[in-house]
1. To the nearest 20 debye, what charge dipole does the stretch 476-596 have about its Cα centre, counting +1 at the Cβ of each Lys and Arg and -1 at the Cβ of each Asp and Glu?
2. Can you compute the charge dipole magnitude of the stretch 180-295 about its Cα centre, using +1 on each Lys and Arg Cβ and -1 on each Asp and Glu Cβ, nothing else charged? Give it in debye, rounded to the nearest 20.
3. Say R0 is 51 Å: what FRET efficiency, to the nearest 0.05, do Asp191 and Val403 get from their beta-carbon distance?
4. Cα centroids of the stretch 468-492 and the stretch 113-152: how far apart, whole angstrom?
5. Treating the Cα atoms of the stretch 67-205 as identical point scatterers in vacuum, please give the log10 of the normalised Debye intensity I(q)/I(0) at q = 0.11, 0.14, 0.20 Å⁻¹, two decimals.
6. Can you tell me the accessible area per residue over the stretch 192-278, all protein chains present, probe 1.4 angstrom, in square angstrom?
7. Pop a pseudo-label 7 angstrom from the Cα along the beta-carbon direction at both Val360 and Arg381 and give the gap in nm to one decimal.
8. Determine, from the Cβ-Cβ distance of Arg309 and Cys110 and an R0 of 41 Å, the FRET efficiency 1/(1 + (r/R0)^6), rounded to the nearest 0.05.
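The values are calculated or read from the model by the stated rules, or taken from the named source; none is laboratory data. None of these values were measured; they are calculated from a predicted model. A quick note on method: Cβ atoms are made from the backbone with ideal geometry, for glycine too, and the neighbour counts reach across all protein chains shown. Side chains included, ligands, DNA and RNA excluded: accessible areas come from the protein's heavy atoms. Shrake-Rupley method; radii C 1.70, N 1.55, O 1.52, S 1.80 Å.
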Amino acid sequence: MGARSPLLLLAFLAALLLPHAARATSPAQQLADRYAPVVVLKNEPTPCSKSGERWRPVPVEIVLGNPEILLRGPGKKHPIVDVAPTAADLYRKGAKYFLNFPGDPLQPGCTYARDGRRFARGKPSIAYAHIAREPGVGDRLALQYFFFYYFNAYNDLHEADWEGIQLVFDVGSVGEALRTHPVEVGYAQHDGGERARWDSRKLQKDGDHVIVYSASGSHASYYSRALWLGRSRSQGVGCDDTRGPGRRVLLGARLLPTHVDSRASPNAWLAFTGRWGQKEPGANNGPTGPNTKPRWTHPITWQESLRTRSFKTARSPYGPSVSGAYCGTVAAGSDVLNRSFGSRWKTFGAALGLLALVGVLAIFLVRRTTWRPTGGPIRARRDCGQILGKALRIYAGRFWLFVAIGLISFVFAVVGKALERLTEEALSTVTHVDLKFDFATFLADLVAIGAGTAVIVDHLDRGSSIHWWRAVRLSLGKLWTLLGANLLELVVFVALMLSIVGIPWGIRNSVAWSLTPQEVMLGGHSTRTAPWASIRLVRGNWWRSAVLVALLFLLALVAGPVVGLDLLLFTSISPFDVDLIGSLVYALVLPYVGIATTLLYFDLLERFEEAPEPASARQRARGWWRRLRARPAA
């Protein structure tokens, strides 16, 4: 008996452990472990930084049994049903119930970043796996992964976020799936998603683990790094960002059943059909759980509804980026909308006040200038309205000449950017430095538009014709003078702005320096004298010059994006083509800006020549002394 005791003990321990071992290595768990995804989370430069990812996929236990989390129920004021609700407390709670986290989702600040990090400390990064079959669809099986994030910080703001992916097998059982590979994958993105074949080049894998690039804040799943553009509910409205370095996290797989029939189950929370975050208006409402998603019961139908591609934002070949303007506009509009939910009357009053201010300013500017007549010689005194009208007539009268100037500036910019990109890639490989200054656009604007247009307008004023290529050659002949003058202006401007007390002079000079190309090309000034000549020319007419230059700058800045945004929102044109069209619009508007700036230069010249010679310092001192002596004694 004594000799058999160790054997009986081993048999008893084996009987206890075998069920757990079998459960841990069940075919379904093996399948979930084999294909568990790798999520790439964008690095967070600093705590609470909006440019990185502040949350990771975690177990729901971070909010279950947590004394800082409330379960609220139906009613006008959403009364508290439970504090620190557990999985059992959520069991079969319906759509009118919701979890409430600490903080205000519409004004999140750093609260959710800190709490999410605090609650998740020591918890693993996981994905909830689910084996799904669709009724009526034989021999097709879906392996789904759901990711739970503590907060969603996209254009919409809401507590908790459920995202995920799925892999589709052309087999009918888990055992068969273990002996083959998926045929397709689907990545969820907002209300839609994107699919790819298992052997597609866009699908990145680490062995059998697919790599998922999680968009910063929104957690939408993508196949690579980029700034992704969405212009519908299924794509998301706005831009998802997966760019930049990120940390790779291999997620552990926790298998979920399709149904839960007992509140005692550790997965009892799966029967909860309420909201996993605070109730808020519209898209800021907390999300429902994975069991409420259409793909939970109809994975193949969902898979077939997905797009085969997503749209990357493009780098604008020339001028302001339409895609960038779209991303910024949607983000700003969403911010205003989110704030309005918290304080509607204040937001409404501020918007009404701003609209009234813009209207009054527009009426004031229109009434302060003269618009007609716009004829007469080119070199003449004109009000701002007359300058704008005359510039339009000159552009229309020599339309193809100025179009050629605009297109050559576009070509210069595109070629220059291609060379810049090669240089950036070479430098970033060696030094890991990413250049940001758009020198190609600056050079094209300066030479082809600023200087070239001034030369053409000057020849038209003298009654002679000039070919666009000769205007460009003359501009290139003064290239180093132009660049030197701009560099000198930049140095002076930076020095003034850094001195703080010199900021008003920096702003004043920046308006005057918009006429530097004309001073170089038409005034014959050198690198050293051109900036000061333009300052002297604008003196006494700074405000009207500033208004006109600001209007022209605004026109150049918004023309391309306004046209591009219309195409982006109301057509199916790709973002690359939209940015290309926006660049062409920018190139065609800039000659008009150049003509109007040259007319302003001629106007200021006429006024300067007609003005009396300013008194010297000695003459002003003598006049002051005479007036003082002539004052009668008290």
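1. I would put it at about 640 debye.
2. That gives a dipole near 140 debye.
3. For Asp191 and Val403, the calculated efficiency is 0.75.
4. Cα centroid of the stretch 468-492 versus Cα centroid of the stretch 113-152: 59 Å apart.
5. -0.60, -0.88, -1.23
6. 43 Å²
7. Placing both labels 7 Å along Cα→Cβ, they lie 3.1 nm apart.
8. E(calc), rounded to 0.05, equals 0.70.
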